[in-house]
Amino acid sequence: MASTLHRVACSPAAPRPDLLPRQHAGGPRAVGFRRRKSGGSLSLRMRCVAERIKEAEVVSGDKIMEIEENVIAEISTASNVSAEEAEMTGKEEKAKTRVKHNIVFVTAEAAPYSKTGGLGDVCGSLPIALAARGHRVMVISPRYLNGVSDKNYARAVDLGRRINVNCFRGQHEVAFFHEYRQGVDWVFVDHASYHRAGNPYGDTHGAFGDNQFRFTLLSHAACEAPLILPLGGHTYGEKCLFLVNDWHASLVPVLLGAKYRPHGVYKDARSILCIHNLAHQGVEPAATFQNLGLPSEWYGALEWIFPTWARAHALDKGEAVNILKGAIVTADRIMTVSQGYSWEITTIEGGYGLNELLSSRKSVLNGITNGIDVDDWDPAKDKHIPFHYSINDLSGKAQCKAALQKELGLAMRPDCPMIGFIGRLDYQKGTDLIRMAVPELMQNDIQFVMLGSGDLATEQWMRSTEAAYKDKFRGWVGFNVPISHRITAGCDILLMPSRFEPCGLNQLYAMRYGTIPIVHATGGLRDTVENFNPFANEGRGQGTGWVFSPLSKERMLEALRLAIQTYREHKDSWKGLMERGMSQDFTWDNAASQYEQIFEWAFIDSPYV
């Protein structure tokens, strides 16, 4: 069985009472993130706070507060500043001098070494942002060698450490490679199962049949790495914060509870599960549990029962193991990549059978919107676009549009609204709605360009539609990074009718480039795009795009027509939309500061298991 959830799962059978997750005594906590403020005039005098904390042998929250209060008093006395100003400066510096953590990311992919989607982007950028804020950060992922990707690991050095992982009825030797880059320890687990053609999960024939084995190795190796790898001369040690991503790394919190803590190891460690896409859960036959290297009494943590109607035949008992479920019931905290998605996964529609379990842990469930690489996606210096522009000088935007029209063989018309779509061609992305809407949409004086690959029928439809509407429609089958940048910069509107979108990045790129997003109200799309209101702020307008709901062809066309009309008839309103979008803060530093609040909460409570 493949590693994704092939059968539509309803809620599993009632779990055993001793395995039900416990609610934290504190109850639900409100998410009130503070943005980091720039240092004030007293910031230099507050450096001693960080120095004293650094010297402390054991740093607790109370100790930090005590040190800070003393320093604030000293500053107030010595410089004759007001207590209020001193306290404010102390609070500002407090955000920068929180306890630094040893953070271990465990992930199936991390850009630029490996990437198939948003997971690779997050685990390639967030660790760097956290390291820049003073944390010690390690990222552990497989060393994929497929002939093409080999060059990505050219600078990674064999650490000379080997361990034997006891799983799948044998001992399997893995090695560790290491590269220190941008303040982060990038550690790659090496094993023959990661050396094959294809992407991290499969090839042209589908998902690899041994994915459960490959990612079981990753989880076991990730638990050993902080204990045995002397990176920079020192191991990360037992007091780590494991940030495990999706089902591929979900055995880590289970292993902490089942294999290590009973022997006094990792007793002070914490684990946070980050769900990027709940649709993939690592579900395999129940008989495979004995291969995972877990004590038999831990079967209940991973036990999964399919409802009768979802079973293959009359003799099928529906018994399986669900690796993602194991992390949900053992991790100290759970996160998603947007606040909207953290709510959606607790509903029947978005929970993929895990909604009741996730609802029971709602008190430790939060969502933080992903950031974007503002160096790579910057219209003022993007190497992939022919003209540069900024919020202060938008003239290059029109030039990028003209260049894109010329490149695609379309009429170079600045007055004609240009609509773009970038993404996988599949059901999740709502491409079936686009197919249904195009005949009506083509009746308008517009230009439409689509970039993507996936569903073969949709790819063929793109080719035939281009032939039918030669002066209005272009379809680029495949994916090309430079052209995706040029479409983002050259189009006026970006369409994203996704059925579900845990976070979404293209709408963030679009707003940064002054391209107006039209999105379905789901997950991170609803969180990041504010619906346009032309009458707000005394007629100056409010919002960054159009958000439509429910998901239907009619509502999508309605939003598109409003956008087209606004583009043609209300230039000032359109410019306001562009400027508000370009001024949004979607940096990884902003996201990292919010992650730090979750880290704090994780260490407040005792280990969950």
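Roughly how many percent of the accessible protein surface of the range 118-164 is carbon and sulfur, given a 1.4 Å probe and a whole-percent answer? The nonpolar share, carbon plus sulfur, comes to 48 percent. With the whole protein complex present, Asp393 retains an accessible surface near 90 Å², based on a 1.4 Å probe. Treating the Cα atoms of the range 256-319 as identical point scatterers in vacuum, please give the log10 of the normalised Debye intensity I(q)/I(0) at q = 0.18, 0.28 Å⁻¹, two decimals. Per q value, in the given order, log10 I(q)/I(0) is -0.88, -1.22. Sorting Trp476, Trp601 by solvent-accessible area of protein heavy atoms yields Trp476, Trp601, largest first, with a 1.4 Å probe. Around the Cα centre of the range 394-584, unit charges on the Cβ atoms of Lys, Arg, Asp and Glu (plus for the first two, minus for the last two) sum to a dipole of about 320 debye.
Here Ser583 sits with roughly 80 square angstrom of accessible surface, probe radius 1.4 Å. Of the solvent-accessible surface of the range 394-584, computed with a 1.4 Å probe over protein heavy atoms with every protein chain present, carbon and sulfur atoms account for 51 percent.
Grab the other residues whose beta carbon is less than 12 angstrom from that of Ile275, score K and R as +1, D and E as -1, and report the net. With Lys, Arg at +1 and Asp, Glu at -1, the net is +1.
Taking all Cα-Cα distances within the range 394-584, those exceeding 24 Å account for 32%. Normalised by 2.2 N^0.38 Å, where N is the number of residues, the C-alpha radius of gyration of the range 278-359 stands at 1.17. Distance between the pseudo-spin-label points of Ala192 and Ala310 (7 Å out from Cα toward the beta carbon): 3.6 nm. In plain terms, the chain from Gln460 to Thr204 could stretch by 90.3 nm, reckoned as 0.36 nm per residue minus the Cα-Cα distance. Shape summary: the range 424-491 maps onto an equivalent ellipsoid whose semi-axes, from the alpha-carbon gyration tensor, are 17, 16, 11 Å in decreasing order. Approximating the spin labels as points 7 Å out from Cα along Cα→Cβ, the Asp426-to-Ala411 distance works out to 3.8 nm. Take the Cβ atoms of Asp572 and Lys100, set R0 to 30 Å, and the FRET efficiency comes out at 0.05.
Converting phi to 3J(HN,Hα) with the Karplus coefficients 6.51, -1.76 and 1.60 and the offset θ = phi - 60°, the range 289-298 yields 4, 5, 8, 7, x, 10, x, 4, 5, 8 Hz in sequence order, with x at every glycine or proline. Estimated at the nearest 10 Å², the accessible area of Met335 is 0 Å² with a 1.4 Å probe. When the trypsin sites (Lys or Arg not before Pro) in the range 110-182 are filtered for DSSP coil states and for at most 13 other beta-carbon atoms within 10 Å of their beta-carbon, the remaining sites are Arg155, Arg169.
Along the range 425-441 the Karplus relation, 6.51 cos²θ - 1.76 cosθ + 1.60 evaluated at θ = phi - 60°, assigns HN-Hα couplings of 8, 8, 4, 4, 7, x, 5, 5, 5, 4, 4, 5, 8, 4, x, 6, 5 Hz to successive residues, with x for each Gly and Pro.
The values are calculated or read from the model by the stated rules, or taken from the named source; none is laboratory data. What you see is a predicted model, and the numbers here were worked out from it, not measured in a lab. Cβ: placed from backbone, ideal geometry, glycine included. Neighbour counts: every protein chain shown. Protein only, heavy atoms only, side chains kept; ligands, DNA and RNA dropped before computing areas. Shrake-Rupley method; radii C 1.70, N 1.55, O 1.52, S 1.80 Å.
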